[in-house]
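Rule-based calculations on the coordinates, nothing more; no lab input. Everything numeric in this text was worked out from a predicted model, so none of it was measured. Using ideal geometry, Cβ is built from the backbone for each residue, glycine included, and neighbour counts are taken over all protein chains shown.
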Amino acid sequence: MSATAETSPAPSAAVITEPLPDLQLQLLIQLLDEEPRSSLPLTLTHPGGILHGDVIGHEQWKAEWARSLRQVEGEGANLLAEFPETVDQGVRELRAEEDETGAARLPRWIHLRDVTLVSGAAAPVSLPLWRGRLSDVSGWALGRPQ
């Protein structure tokens, strides 16, 4: 062994950093996740513009997303219909690993239904469902613009 190898520090684990989501918005989403049929009108600002719709919990979003995927036609339609549950299974496995380390997490994603996206001079875009990263939300307010 060389003297250099013996004195070099051991490599440390990589640290992933990302902007912190708003804690109050995370807690609001956590409450909605506990009440699967609830929703609240919400307006968000994010890098793409202003977005407004009804914020819903993950389970409600997943059910509506799965329903929309079942309407897709074509050879891959059967795969798409099962995709939301496949994704959730992977998430459950990751969370089980996190629970073993004691690192409980607040929500990192926000889900909206009946969405309108307003971006610059372009015409508003309507979407049935939208999912976004909470750390990308720079501001929010209860209610929709009038």
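Put in line by how crowded their Cβ is, counting other Cβ atoms within 10 Å and starting with the fewest, 38, 126 read 126, 38. Counting other Cβ atoms within 10 Å of each Cβ, which trypsin sites (Lys or Arg not before Pro) in segment 13-73 have at most 12 and sit in a DSSP loop? When the trypsin sites (Lys or Arg not before Pro) of segment 13-73 are filtered for loop state and at most 12 Cβ neighbours within 10 Å, 37 remain.
Based on Cα contacts under 8 Å between residues 6+ apart, segment 20-142 shows a relative contact order of 35 percent. Coupling constants for segment 12-29 follow from the phi torsions by the Karplus curve (6.51 cos²θ - 1.76 cosθ + 1.60, θ = phi - 60°), and in residue order they are 8, 5, 5, 10, 9, 10, 8, x, 7, x, 5, 4, 5, 5, 4, 5, 4, 5 Hz; glycine and proline get x. Here is the P(r) of segment 20-142: all C-alpha pair distances, binned every 5 Å from 0, give 2, 10, 17, 21, 19, 15, 10, 4, 1, 0 in whole percents.
Test of understanding: what is the full-extension gain from residue 83 to residue 31, defined as 0.36 nm times their sequence separation minus their Cα-Cα distance?
Working: separation 52, 0.36 × 52 = 18.72 nm, distance 2.54 nm.
Fully extending the segment from residue 83 to residue 31 adds 16.2 nm.
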